[in-house]
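Note sheet for the following structure.
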Amino acid sequence: MQTSLKKAESAGFCFGVSRAVEMVNELLSQGKSVCTLGPIIHNMEMVEELRQKGCRPINSVDELGADEILVIRSHGVPKSVIDDLEKRGLDFRDATCPFVKKIHRLVAAADPEQDIVLIAGDRDHPEVQGIIGNCMCEYYTFKNESELDNILPNILEKNNKTVKMVAQTTFDTKELKKSVKKIKKLCTNAKIFDTICNATSVRQSEADLIAAESDFMVVIGDRHSSNTGKLFDICKRRCPDTVLIETAAELDIDQVRRAKRIGVTAGASTPARIIKEVLDTMSEEIKSGETTTNLEESFEELLEESLKNLNTNERVMGTVLSIAPNEVQVDVGRKQTGFVPVDELSNDPTVKPEDVVKVGDQVELLIMRTNDQEGTIMLSKRRVDAQKGWEELQEKVDSQEILTSKVTEAVKGGVIVIYNGVRVFIPASQATATRDENLEDLVGQEVNFRLIEVSQRGRYKRAIGSIRSVLKEQRAAQREEFWKNCEVGKRYTGVVKSLTSYGAFVDLGGVFGMIHISELSWTHIKHPSEVVNVGDTVEVYVKDINEETKKISLGFKNADDNPWEILKRDYPEGTVVKAKIVGLTTFGAFANIIPGIDGLIHISQIANKRIEKPADVLSVGEEVEAKITAIDFDKKRVSLSMRALLPEDEQAPVKAAPAVEEAVEEAAPAVEEAVEEAAPAVEEAVEEAAPAVEEAVEEAAPAVEEAVEAVEEAAADAE
């Protein structure tokens, strides 16, 4: 009896699942500690395999360890989860399938006031939960036509809203067609988005065709996988003798032997290894029953190509034959050609191959992968180096010895240091003296650090270091030394670490001092950033020390730059200067002589004639020539005169009257000042005399009255 065995070409990992698993494996290969929010895929065999490598699934972000990287699986998560991760500054990688991301964007764009979202899918499935978590408006879910019938009345009541429908990427395509037809008929304004993954459509269509031609159909996948369950339902409709198995051990051998046409498909989260085991088991049983197997050639080629790689973990000695920018070729004494990819040469991604090895070097290597078909062996030098250095690192943790190495890269959450071939992760909280420093600035620098943790779980190892603990000790020693020698007037070179509205804080080497804004410049400034910036190296001197609070006031201004010293040296009285008018008042104009010093041109010194106000002659911004007529260094005042530069004949009065007027004008301020000064005394004298005047009036009143009466009597007698 001849038996045919046909396997669906689309069986196995879809793009999104493959991408997520590769992301986890890549992080693990870099020595990172990895968690996934829920199982990375719905296949417990693969989840357990990754767990043994060091990747553990967690149920909540709160379970994430301090130095672990969280990978969000291909199903995606609600927006609130991403927001929480970013708010808390946790290290994560988003492996959400791009097709799922598209749905997130569609539902997030829906208008809460005008739209209703319909989601075709299983409400309890993590992908649908993620879609719901990105939807900001009213929504309904349904997983079949019957559930749709129950919710449509509620939607039709809100006929003023637009219905927008999306579907879970693995939703049954036939079930969706029926639902879409009904929605379009009843909701004429509905917008239907095609969100079923193309791979899902192909997988379901192919499974449907193969099942229709088979008398025994095998669906391989985890029973918790939604897309695997849908494949089973589709195949069951076409081929009643359909089974769903998770591993080859679940195969019913009698069913295999009885079948003439066997069909095989697998869910999107089923590893190729499990598919191969199932096919190999069936092939052996068919052959043992003396039946000819017609295994699809295309599948055999595809499967062998994907599974040919073999991790041997065997160490070999190799001789470097040639060096290229992307790989190093080596002879390991086998028929296959040995090569070391550049990223397997060293843990330092910036290093050049020729700096690590030379042609003819004997190096110890680890076999990573063999490919008999191509005749090659992929090898790793960096992994051997890491294994050799591991025991030494464990000793360094106990001794707390200070180590020195170069920072090779800045990653999310910290930096990487390579020590003895081992990647040491230094979290951001342990990488710098303060949290506000840029980690990128450390890349390429030699740093001192100590190891604070070296651990191993199964095959997974990790090393964590701290730069801050070393810096903390160094700064403590610097502080002690500083306070021993610090005194007022002593000069230091420091680095500006932060700015405030009132000054700049400078790191003097373990101790901080402050330059007040008034000490930053001889001229008026609004903010310290006008003079210095964070990171600037500055020369300062100690102005004052508060022994109790350990606060240090710093001076920054150079005495030679003092504008009054410059004025004294270069601009004595009588000097003619070009000055810019910077302000106008009723009594004169202020003009800038040099930066930091303004002089007053009195109204009487602006022109050789009487003017009503300075603004009639001058304007702000105008440049004029003036003579320095007086300098008061104590009061910081400078008097200027434009009139003094006029020709003598123009300065002399033509008539006496103008001269008198001018004298009056010149005297007016003094008179006004004298009046103002005398006014209080006059008022006080009036106030003091008032009681005496009132008393005298009261005393004189009777006599005045008697006199008036006498006058009146005399007037009467006269009449």
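Readers should treat all values here as calculations from the given coordinates under stated rules, not as data from a laboratory. Please read all numbers here as calculations on a predicted model, not as lab measurements. Cβ: placed from backbone, ideal geometry, glycine included. Neighbour counts: every protein chain shown.
Could you work out how far the C-alpha centroid of segment 397-447 sits from that of segment 337-373, in angstrom?
Going from one Cα centre to the other spans 25 Å.
Using +1 on the beta carbon of Lys and Arg, -1 on that of Asp and Glu, and nothing else charged, what's the dipole of segment 563-652 about the Cα centre, debye to 20? Numbers along the way, then the final one.
Details: 12 positive and 14 negative charges, 47 e Å.
Here segment 563-652 has a charge dipole of around 220 debye.
Which lysines, on any chain, are close to residue 185 with Cα under 20 Å apart, when same-chain ones fewer than 8 places away are left out?
143, 158, 161, 164, 174, 177
For a quick check: sort 164, 79 by the number of other beta carbons within 10 angstrom, fewest at the front.
Details: 164 24, 79 16.
Fewest-to-most Cβ neighbours within 10 Å comes out as 79, 164.
Output the peptides 224-237, 171-184, 486-499 sorted from most to least packed, where packing is the average of other Cβ atoms within 10 Å over each peptide's residues.
Working: 224-237: 22.3, 171-184: 17.6, 486-499: 14.1.
Per-residue mean Cβ counts within 10 Å order the peptides as 224-237, 171-184, 486-499.
What fraction of the Cα pairs in segment 102-148, stated in percent, has a spacing above 13 angstrom?
On the way: 556 of 1081 pairs.
Percentage above 13 Å: 51.
What are the extents of the Cα atoms of segment 486-557 along their three principal axes, in Å, largest first?
Projected onto its principal axes, the Cα set of segment 486-557 covers 30, 21, 20 Å.
If you rank 74, 380, 205 by fewest surrounding Cβ atoms within 10 Å, what's the result?
205, 380, 74
At 0.36 nm per residue, and after removing the present C-alpha to C-alpha distance, how many nm does the segment from residue 526 to residue 369 gain when stretched out fully?
Numbers: separation 157, 0.36 × 157 = 56.52 nm, distance 6.54 nm.
Extending this stretch completely gives an extra 50.0 nm.
Grab the other residues whose beta carbon is less than 12 angstrom from that of residue 592, score K and R as +1, D and E as -1, and report the net. Can you show the working numbers first?
Numbers: positive: 578, 580; negative: 598, 622, 623.
Taking every Cβ under 12 Å from that of residue 592, the sum is -1.
How much net charge surrounds residue 442 when only the other residues with a Cβ under 11 Å from the Cβ of residue 442 are counted, with Lys and Arg +1 and Asp and Glu -1? Present the calculation step by step, with values, prior to reporting the outcome.
On the way: positive: 406; negative: 409, 437, 440, 441, 446.
Overall, the nearby charge balance is -4.
Using 7 Å Cα-to-Cβ label points, what is the residue 646/residue 573 separation (nm, one decimal)?
Modelled inter-label distance: 2.3 nm.
In Å, what is the Rg of the alpha-carbon atoms in segment 8-155, and how long is Dmax?
17.1, 55
Equivalent-ellipsoid semi-axes (√(5λ), Cα gyration tensor) for segment 103-242, whole Å, largest first?
Details: eigenvalues 185, 49, 27 Å².
They are 30, 16, 12 Å, listed from largest to smallest.
Relative to the Cα centre, what is the charge dipole magnitude of segment 385-471, using +1 at the beta carbon of each Lys and Arg, -1 at the beta carbon of each Asp and Glu, and rounding to the nearest 20 debye? Before the final figure, lay out the partial values.
Values: 12 positive and 13 negative charges, 80 e Å.
Approximately 380 debye in magnitude.
Give me the dipole magnitude in Debye, nearest 20, for segment 532-606 about the Cα centre, with unit charges on the beta carbon: positive for Lys and Arg, negative for Asp and Glu. Could you put the intermediate results ahead of the total?
Numbers: 8 positive and 11 negative charges, 55 e Å.
In total the dipole reaches around 260 debye.
Report the net charge of residues surrounding residue 143, where surrounding means a beta-carbon distance below 11 angstrom and charges are Lys +1, Arg +1, Asp -1, Glu -1.
Summing Lys/Arg as +1 and Asp/Glu as -1 gives -4.
Have a look at the DSSP beta bridges in segment 315-380 and tell me what percent are antiparallel, nearest 5. If you can, show how the numbers build up before the last one.
Numbers: 18 of 21 bridges.
Here the share of antiparallel DSSP bridges comes out near 85 percent.
Do you know the relative contact order of segment 563-652, to the nearest whole percent, from alpha carbon pairs under 8 angstrom that are 6+ apart? It would help to have the intermediate numbers written out before the result.
Working: 169 pairs, mean separation 27.0, N = 90.
Relative contact order of segment 563-652: 30 percent.
Decide, for segment 346-394, between rounded, prolate and oblate: order the square roots of the alpha carbon gyration tensor eigenvalues as a ≥ b ≥ c, take rounded if a/c falls under 1.5, and otherwise choose prolate if a/b is larger than b/c, else oblate. Let's see the in-between values first.
Numbers: a/c = 2.12, a/b = 1.37, b/c = 1.55.
Oblate shape, in that a/c is at least 1.5 and b/c is the bigger or equal ratio.
Once all Cα-Cα distances of segment 385-471 are split into 5 Å bins that start at 0, what whole-number percent is in each one?
It works out to 3, 16, 29, 26, 16, 8, 2, 0, in whole percents.
Within a 10 angstrom radius of the beta carbon, how do 35, 55 rank from fewest other beta carbons to most? Spell out each step's value before the answer.
Working: 35 20, 55 24.
Going from sparsest to densest Cβ surroundings: 35, 55.
First check a/c for segment 315-380, with a ≥ b ≥ c the square roots of the eigenvalues of its C-alpha gyration tensor; if it is under 1.5, answer rounded, and if not, answer prolate when a/b is larger than b/c or oblate otherwise. Display every interim value, and only then the final one.
Details: a/c = 1.81, a/b = 1.50, b/c = 1.21.
Prolate, since a/c reaches 1.5 and a/b exceeds b/c.
I need the GluC sites (Glu not before Pro) found in segment 564-613, filtered to DSSP loop residues with at most 10 other beta carbons within 10 Å of theirs.
Working: sites: 565, 573, 612; in loops: 573, 612.
Listed in order of number, the matching sites are 612.
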